[in-house]
1. Show me, for the stretch 300-317, the HN-Hα J-couplings you get by feeding each phi into the Karplus relation (A = 6.51, B = -1.76, C = 1.60, θ = phi - 60°), rounded to Hz, glycine and proline as x.
2. Using a 1.4 Å probe on the protein heavy atoms only, what accessible surface does L101 show? Give it in Å² to the nearest 10.
3. With θ taken as phi - 60° and the coefficients 6.51, -1.76 and 1.60, list the Karplus ³J(HN,Hα) couplings across the stretch 35-47 in order, rounded to whole Hz; mark glycine and proline as x.
4. Placing one identical point scatterer on every Cα of the stretch 65-148 and ignoring solvent, what is log10 I(q)/I(0) from the Debye formula at q = 0.16 Å⁻¹?
5. What is the extension gain from H165 to E283, computed as 0.36 nm multiplied by their sequence separation minus the C-alpha to C-alpha distance, in nm to one decimal?
6. Could you list which residues have their amide H under 5 Å from that of K140, counting only those 5 or more apart in sequence or on another chain, with H placed in the peptide plane?
7. Using modelled backbone amide H atoms (1.01 Å from N, in-plane), which distant-in-sequence or interchain residues come within less than 5 Å of N199's amide H?
8. Given a 1.4 Å probe and the protein chains all in place, what does the accessible area of H42 round to, in Å² to the nearest 10?
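The values are calculated or read from the model by the stated rules, or taken from the named source; none is laboratory data. Just so you know, these numbers come straight off a predicted model, no measurement behind them. When we count neighbours, we look across all protein chains shown, and the Cβ atoms used for this are built from the backbone with ideal geometry, even at glycine. Quick note on the areas: whole protein, heavy atoms, side chains included, nothing else; ligands and nucleic acids left out. Shrake-Rupley method; radii C 1.70, N 1.55, O 1.52, S 1.80 Å.
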Amino acid sequence: MMCSECEPENGAAPLLSYVDQFRGKKVLITGGLGFIGSNLAHGLVELGAQVLIVDSLIPQYGGNLFNVADIEDQVRVNIADVRDRSSMDYLVKGQDYLFNLAGQVSHLDSMTDPFTDLEINCRSQLSILEACRYNNPGVKVVFASTRQIYGVPDYLPVDERHLVHPTDVNGINKMAGEWYHIVYNNVYGVRAASLRLTNTYGPRMRVCDARQTFLGLWFRLVLEDKELTIYGDGRQVRDLTYVDDVVDALLRIAVDEGANGHVYNLGGDEPINLLHLAQLMVELGGAGRYRLVPWPGNRKRIDIGDYYGDYRKIRSKLGWCPRVSLRDGLQRTFDFYREHRQHYWEEE
Ligand SMILES: NC(=O)c1ccc[n+]([C@@H]2O[C@H](COP(=O)([O-])OP(=O)(O)OC[C@H]3O[C@@H](n4cnc5c(N)ncnc54)[C@H](O)[C@@H]3O)[C@@H](O)[C@H]2O)c1
């Protein structure tokens, strides 16, 4: 069901404008074995696209072959590293769309190992774009950026005009990665746009630890009937997006020529503080418990405080709005891990 608020303004793309646009199209997804990339691959296969996945399967990251097990005959998978320019030169050739999702996603890791973050989230982005410029300038590129680039918000909700002042190395490198895309769009005509994601959750996310987000680990701990720990007083507010809604946004941006050169926030209609989120997860999961603990210093120093995004731009221009409620999305995610937990974590 579409909500009437999601009707795009005059001249904007019609709702679900992409339904017929990907049939037979060649689509490359970097990071396609990861959480968001693999959900996107499922969506694109359903739409009839020819999907090529590039992923390095570095063990600490979210890549997992099980994420595409049920579509393995319908996608091609190339285990390669986006840091390898010659691989990328070859792989971008002939693609109609490139969803550029490969990334180092841990904020803490970006502080302890800043150069790996720099290599993947910044330098590789430039070489992917160079690969496009020289080998496939007609491709449309959609980049997965992050709300982390805003840092501690100056006001809420945060819109796209908000200053960027990241609190960690990951935020700086993602910001640079994003702006390379915009510059290549503006200067070289390699059509590109960027989606600034907020906390995304859903099936196929990494849940064995908190590297991707604390949320993944919380799903696992609830299902193991263990204790979640919440830092500080638990009053920090977040907005969450269910992964199907993220996939919808990525596809809308891909097919809309008016999106080229733009950045878009996502957001949710139900900002929630972490204490209430933990309570809701324990209720829906039917197990687990939670406890407030003091902030670890290394986390507090890079925390962004309260955040929720203003997504009016993508709603008015591209007709996107969140369709999956928090309760429903959490429930679907629990259902997925109840069935597939053995593929996502080892039992102790
Ligand atoms: N999940 C979120 O809440 C969130 C929020 C903001 C932004 N993002 C962005 O969305 C993108 C996808 O994130 P995700 O949540 O699916 O994470 P993920 O870790 O599940 O997926 C990232 C994938 O990229 C792959 N990868 C990492 N480095 C690579 C390299 N050098 N070469 C090839 N592949 C490599 C990983 O193996 C993994 O499969 C990332 O760029 C991330 O920064 C995600």
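1. Once rounded to whole Hz, the list reads 4, 5, 10, 5, 9, x, 7, 8, 8, x, 9, 10, 5, 5, 5, 5, 6, 8.
2. Probe radius 1.4 Å; accessible area of L101 about 30 Å².
3. For the stretch 35-47, the Karplus-derived couplings read 4, 6, x, 6, 5, 5, 4, 4, x, 5, 4, 4, 8 Hz, x marking Gly and Pro.
4. -0.73
5. So the chain would gain 38.8 nm between H165 and E283.
6. Here the answer is Y97, L98, since their amide H atoms fall under 5 Å of that of K140.
7. It is D239, T241, by chain and number.
8. Counting only protein heavy atoms, the figure is 30 Å².
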